[in-house]
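Data block below; observations after.
The values are calculated or read from the model by the stated rules, or taken from the named source; none is laboratory data. As the structure is a computational prediction, the values presented were derived from the model and not from experiment. With ideal geometry, Cβ positions are generated from the backbone for all residues, glycine too; neighbour counts draw on all protein chains shown. In case anyone asks, the SASA skips ligands and DNA or RNA and just uses the protein heavy atoms, side chains included. Shrake-Rupley method; radii C 1.70, N 1.55, O 1.52, S 1.80 Å.
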Amino acid sequence: MAASPSNAAKHRASTADTYDVVVIGAGFAGMYMLHRLRGLGLSVRIYEQGSGVGGTWYWNRYPGARCDVESMQYSYSFSDELQQEWDWSERYAPQPEILRYANHVADRFDLRPDIQFDTRIDQAVFDEANNSWSVTTSDGSTVTAQFVVLATGCLSNARTPDFKGLSDFNGEVYHTGHWPHEPVDFTGKRVAVIGTGSSAIQSIPLIAEQASELFVFQRTANFSVPARNAVLTEQEREFFRANYPEIRRKAREEMRNGIYQEVPQKGALDDTRQERQARYAERWAKGGLTFTATYNNIAIDKAANDTAADFVRAKIAEIVKDPEVARLLQPDNHPIGSKRICVDTDYYATFNRPNVKLIDVRANPIEQIVPHGLRAGGKDYQVDALVLATGFDAMTGSVAKIDIQGRAGQTLNQKWAAGPRTYLGLMSEGFPNLFIITGPGSPSVLSNMIVSIEQHVDWITDCIAYMRERGVERMEATRAAEDKWVAHVNEVASTTLYPQANSWYMGANIPGKPQIFMPYIGGVGVYRQICNEVAANGYEGFAMTSAPQQRAAASS
Ligand code: NAP
């Protein structure tokens, strides 16, 4: 339901520099957070660095960008009218369509009046005497809020490696995570793409169609499965619309990754080789992320994992005609799924084109960027454009850019110097009234992000309502609860194959970043249950302080 004009007026009625809640970021998390907090009658201000809503879908406009979670599930569930009325066009929505959807949501729920665009938050300082945050924006103004919510996104701090000579390059330089708003035409140009993660794997086939020559600089080969993208039929859309209550419930409660799908009942080694090949072939033909859910032990048992990895390696050899190129494209240093599996359209086949060359950066490291191209392994590659598909400082990068000072002047960067520490991924001890949406220590990037976002936003909303009803002014995770949760997150991760890969989940893509498996791998259903129990037990593990209590403590 759109907010009525009188409601909208009421939301904006707070004084210009004091809000109940400041939310940082107007992606899917920030927008829904605003909507829910308005429902409590609170004054809320979102600050957004970009000029529009959509977060990751605002910035990542590279050719071929689309979501790897199917569109009927990568959408909000909080409004039945919204999910019934919106028409997704394809099985996997392309970036422009997701951005249209984000804008539609912003309009439909009248969110824009409470969003300040083109504004970064540089600093947030906790005022212990007043139990509030003092928040400074990039335009130099300071506002006060009782609560701050970090809706800054997990993959929003694009990372450009420190390549020697980059600033001397005479051609165009693009980063997939920070793509221009106008279409980029590579027709007739010589192009270098650095990186072979999801962003590269989606964009390479399309860039190859335009470029006269395309050089792909690969350091680590990644596993990719075909998307089998297709136009959605009315019948397919109708199936979801008619069954949304049950589909959404299952996605939230029964699926580890928040995506409604067929759940495997057996392990890979329970089948004969022939049966396994048939099952993998069936999933390969179906396409999409569910390939790694063919069996229930692919993420935890290396021998089981090898069977899936071998299947994909064989597919690569079948598709790619040059055996040496095929060999280079076959991942050989991490279990399948331990890095986010990629979902592509014609990625491997693109290497059969005469204008596409694969350069093995592991054997021939990039030495430097030169004015007319790139030097790797002692050889110069002349190019007109450079595409950096080099990823993100994930999960903590955007938070680290803000100077967050909690109790006793401790900064969040100091506290997280050896790796992020949170209780439930929602709060960090020493930083009262500061919530994180899909932060480290929560299922976050291992899940359908919108499912996790909605769960966090609902939990935070209930928590703030609880505090208000009881006159609680300050809430903070306790050290003991946080220590226990961090130990649990690590323990669960260690039972899987995930820590075996040098992935961005581990912080391994950023030189000097502590290597800790950041998301919680227990599954969204289990995690939701834990969060609900914590709330039902009066927010167990959080210290809550009401104003009189605090004054009494100060005077004793
Ligand atoms: P990424 O997975 O981190 O890939 C970055 C690539 O750049 C890697 O191949 C990396 O090689 C390479 N690289 C980085 N520094 C390099 C250097 N100095 N020299 C040579 N190569 C270098 O980043 P991404 O592709 O942007 O994807 C990040 C995440 O975003 C994905 O895992 C996914 O979760 C999400 N995403 C999702 C979609 C989707 O929904 N379809 C699309 C795009 C992205 P190494 O592996 O050797 O470090």
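When segment 511-534 is filtered for residues that are within 15 Å of the ligand (Cβ to nearest atom) and open to solvent by 40 Å² or more (accessible area, probe 1.4 Å), the ones remaining, listed by number, are PRO511, GLY512, GLN515. In segment 258-266, is there at least one residue being assigned to a helix (DSSP H, G or I) and open to solvent by 20 Å² or more (accessible area, probe 1.4 Å)? Checked segment 258-266: no residue is assigned to a helix (DSSP H, G or I) and open to solvent by 20 Å² or more (accessible area, probe 1.4 Å). Just checking, which of GLU254, GLU238, GLU246, GLU234 is more than 23 Å from GLU81 (Cβ to Cβ) and among the charged types (D, E, K, R)? None of the others qualify; the one that does is GLU254. Of the residues GLY140, GLY177, GLY171, the single one that is away from the ligand (no atom under 13 Å from the Cβ) and either under 17 Å from the mean Cα position of the chain (by Cα) or under 30 Å from PRO432 (Cβ atoms) (or both) is GLY140.
Once segment 44-83 is narrowed to residues that are hydrophobic (A, V, I, L, M, F, W, C) and away from the ligand (no atom under 12 Å from the Cβ), the residue that is most open to solvent (accessible area, probe 1.4 Å) is PHE78. Among the residues of segment 130-178, those that are among the aromatic types (Phe, Trp, Tyr) and in a loop (DSSP other than H, G, I, E, B) comprise PHE163, PHE169.
Filtering PHE291, PHE215 for residues that are open to solvent by less than 30 Å² (accessible area, probe 1.4 Å) and closer than 18 Å to SER447 by Cα leaves a single hit, PHE291.
Exactly one residue among ALA221, ALA242 is within 26 Å of LYS357 (Cβ to Cβ), of a type in the set (A, V, I, L, M, F, W, C) and either out of contact with any strand residue (DSSP E or B) (no Cβ under 7 Å at 6 or more places or on another chain) or not in a strand (DSSP E or B) (or both), and that residue is ALA221. Exactly one residue out of GLU234, GLU209, GLU238, GLU253 is open to solvent by 70 Å² or more (accessible area, probe 1.4 Å), in contact (Cβ under 8 Å) with a residue 24 or more places away in the chain and more than 16 Å from the ligand (Cβ to nearest atom): that is GLU253. Please tell me if VAL472 is in contact with a Ser or Thr (Cβ under 8 Å, 6 or more places away or on another chain), β-branched (Val, Ile, Thr) and at pLDDT 95 or above. Against the criterion (in contact with a Ser or Thr (Cβ under 8 Å, 6 or more places away or on another chain), β-branched (Val, Ile, Thr) and at pLDDT 95 or above), VAL472 qualifies.
Matching residues to (1) open to solvent by 30 Å² or more (accessible area, probe 1.4 Å); (2) among the small types (Gly, Ala, Ser); (3) free of Cβ contacts under 8 Å to residues at least 40 places away in the same chain:
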position	(1), (2), (3)
ARG108	yes, no, no
ASN131	no, no, no
ALA151	no, yes, no
ALA158	yes, yes, no
GLY165	no, yes, no
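Which residues, taken from segment 454-510, are open to solvent by 70 Å² or more (accessible area, probe 1.4 Å) and touching a helix residue (DSSP H, G or I) at 6+ places or on another chain (Cβ under 7 Å)? Matches in segment 454-510: ASP462 only.
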